[in-house]
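So the structure is just underneath, and the comments pick up after that.
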């Protein structure tokens, strides 16, 4: 036989069940009233097909000790329950055992059956081993009655008519409690569930007919039921509403072995043969739940039965055990307090205290456990001699007191450890994303938080007395603070990411604006807007995880990510507006117009300086240049597309609510407005103002100033033309050539002068080929004019009719210094 399945029902250990020897039994409830959690595993391995349907039956046997209950079950259901040694009359079955019936003995010797049958063998009643303690046998009988379809009551023929011998007293108590616990379900008219009480009368020799015996038992049960203390709402219930009664007799096992075997087979026919007129299993007996549900039902029933205080009356021995265990508990606890205060209480660290040595939490936790185990060992030595249940109760009480005391020091260490962990986590978190493990911020903080929370949980586990002290609260507190720190850092990183993205868009936009301002066209603003949209789209594509969903790799929520995207777009439009007004100012606008005017007025299409021959040519060029310059004025004063529509941002960037909402990303969906009602009354800038770069008033000022500037240039250029027209006549140069012929010839004959002449002539020829003669002449003329102007000014200063000025000029000519200058020189020398 497998060692894992004890064949001895006297064993109280719960053992697992192997796949073979499935006819062996499993202990459902042991002597300590503990329900076996492995019951479902046993049933599943015994009959796998039964775990998912209702094709099963449960039969229990109940009766006095040593009346052959286990023998009957083994002969009828081919089970392997432990039976009594016939030479010694003592208790064999302890607790409640269950076994699967592989076959049922019958007259036709059939080896198979359509339905699975489970048999429960209940500890016998009125045994000398338990003595006066009838609590378990009452609870066991009630459990069997509440969970079985058929309750076999095993009695001797000689016990019929007796009260205690036939277990009538115990049945009465069980019926009362069963009615209290489960009777209310009968108020539902649709509930027709019953239990069959099958009285198996042993050693029936035939003198008294079975019918007479059945009549006696039936009358006793009905009388007993009528005298029950029923609840008011169940007082009308009859015995027949809860139970059916059936009887079967067996011959004497020793004196009539053949009759006994045949009677057992006849009983088997009633169990498996549905065509038998006395077939036992009826639909109303079944609980109508799958077998795995039955195990849960049975466990719940036992829990209700076992915790019913009416069935657990303390005796004087229990009262003595309570008193002595309390006394022992008090003594060992006082000894514990002395050691606890000496070894641990004085070493508790304070919050924010810097310890010179690191705490070894594993060693500290082991010292806690050692101290606790020493106390429990001292208690066990003295208290285990008394009532087992009271001893166990008081031991649990002592454990609770010890845990409460250790909890005080545990909380101090946990709080100290929490502060240090948060400090370390904050330092690493604030050091920047580069110092975090993982590919991105989200992976980094998850890895970092897991590291510190696991270290914290590990240290707490060492101090938790092997898990008896609850660490969940502190772990939750750490997780909450870590989440708050991560949330704050997420917002910081998210704002930094948005600001960097906005800066990137702004840099690209500034380049586009400055480039377009150098070559203004009708579609300039179309180009700038397209560039802006392209830049924003490129940034958004980096963080786009799916359609209309974005992920910054920070672990932030979709709601916060969407708010960040809105903030990015809003700030980008604000920067768009600021960049326009930064590079297109009122004064800068005049410079742009003047540069454009100069490009057209002073230079030709090839970029060469223009030389005007007459006033007509000058005036025509002036009008064209001015018109050319003023063509861009509408482009520079209003951001308007080529289709005539103004550029309008996606957001009202002048709205104070939106500014406050999108300036800095917060966890709240909207930021409450902080300005007062008086601020609300201030003049709001219209969203249409985005496209207005220079208003009409400023535009008119720019236009007037531009006209003044270009008019001055026109006058200056026209003056130079007039000076050129009033120059020396050409025939004078002919006269000079004739009169100075000898001098020219002298130059030609002189090698030095001739070389200079060749160089000068070559330079003139090169300028002619390059079409630079006119510009060179204009430059020379300009230099000559400037030299003449300076000479005239100096001559005017010299001959001016002002004695003081005249004296000053004479002093400058003679290099004499004024008294003031001499004093200043003296001061410098000193």
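Key figures for this structure:
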| quantity | calculated |
| --- | --- |
| Subset of the range 76-111 [at pLDDT 85 or above, over 23 Å from residue 295 (Cβ atoms) and buried (at least 19 other Cβ atoms within 10 Å of the Cβ)] | 76, 105, 106 |
| The listed residue being modelled with pLDDT of 80 or more and within 16 Å of the chain's Cα centre (by Cα), out of 407, 488 | 488 |
| Pair list, Cβ < 6 Å and 6+ apart or interchain, from the range 102-113 residues that are in the same structural domain as residue 265 (by TED's automatic domain parsing) and under 17 Å from residue 74 (Cβ atoms) to residues that are in a loop (DSSP other than H, G, I, E, B) and at pLDDT below 75 | 102/23; 103/111 |
| Residues of the range 226-248 that turn out to be within 25 Å of residue 56 (Cα to Cα) and either without any contact (Cβ under 8 Å) to a residue 40 or more places away in the chain or in contact with a strand residue (DSSP E or B) (Cβ under 6 Å, 6 or more places away or on another chain) (or both), as a count | 7 |
| Failed criterion for residue 275 (all others in (1) touching a helix residue (DSSP H, G or I) at 6+ places or on another chain (Cβ under 8 Å); (2) loosely packed, with under 15 Cβ neighbours inside 10 Å hold) | (1) |
| Cβ-Cβ under 7 Å pairs, at least 6 apart or on other chains, the range 535-547 side over 17 Å from residue 511 (Cβ atoms) and assigned by TED's automatic domain parsing to the domain that holds residue 511, far side at pLDDT below 80 and surrounded by 14 or more Cβ atoms within 10 Å (Cβ to Cβ) | 543/550; 543/551; 543/552; 544/550; 545/551 |
| Residues within the range 459-495 that are surrounded by 14 or more Cβ atoms within 10 Å (Cβ to Cβ) and closer than 26 Å to residue 376 by Cβ, tallied | 11 |
| Residues of the range 449-490 that turn out to be in a loop (DSSP other than H, G, I, E, B) and closer than 14 Å to residue 414 by Cβ, as a count | 5 |
| Any chance residue 579 is farther than 30 Å from residue 719 by Cα, touching a helix residue (DSSP H, G or I) at 6+ places or on another chain (Cβ under 7 Å), surrounded by fewer than 18 Cβ atoms within 10 Å (Cβ to Cβ) and at pLDDT 80 or above | no |
| Among residues of the range 179-207, those that are surrounded by fewer than 14 Cβ atoms within 10 Å (Cβ to Cβ) and either closer than 19 Å to residue 64 by Cβ or touching a residue at least 12 places away in the same chain (Cβ under 8 Å) (or both), counted | 4 |
| Which listed residue, of 618, 636, 611, 589, is in contact (Cβ under 8 Å) with a residue 60 or more places away in the chain, in a helix (DSSP H, G or I) and closer than 16 Å to residue 713 by Cα | 618 |
| The range 141-177, subset under 17 Å from residue 245 (Cα atoms) and at pLDDT below 75, residue surrounded by the most Cβ atoms within 10 Å (Cβ to Cβ) | 174 |
| Qualifying residue in the range 533-551 (condition: modelled with pLDDT under 85, over 32 Å from the mean Cα position of the chain (by Cα) and not in a helix (DSSP H, G or I)) | no |
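This table checks each residue for (1) modelled with pLDDT under 85; (2) surrounded by fewer than 18 Cβ atoms within 10 Å (Cβ to Cβ); (3) more than 16 Å from residue 493 (Cβ to Cβ).
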| position | (1), (2), (3) |
| --- | --- |
| 399 | no, yes, yes |
| 426 | yes, yes, no |
| 432 | yes, yes, no |
| 444 | yes, no, no |
| 457 | yes, yes, yes |
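The values are calculated or read from the model by the stated rules, or taken from the named source; none is laboratory data. Quick caveat, the model's predicted, so the values are computed rather than measured. Cβ: placed from backbone, ideal geometry, glycine included. Neighbour counts: every protein chain shown.
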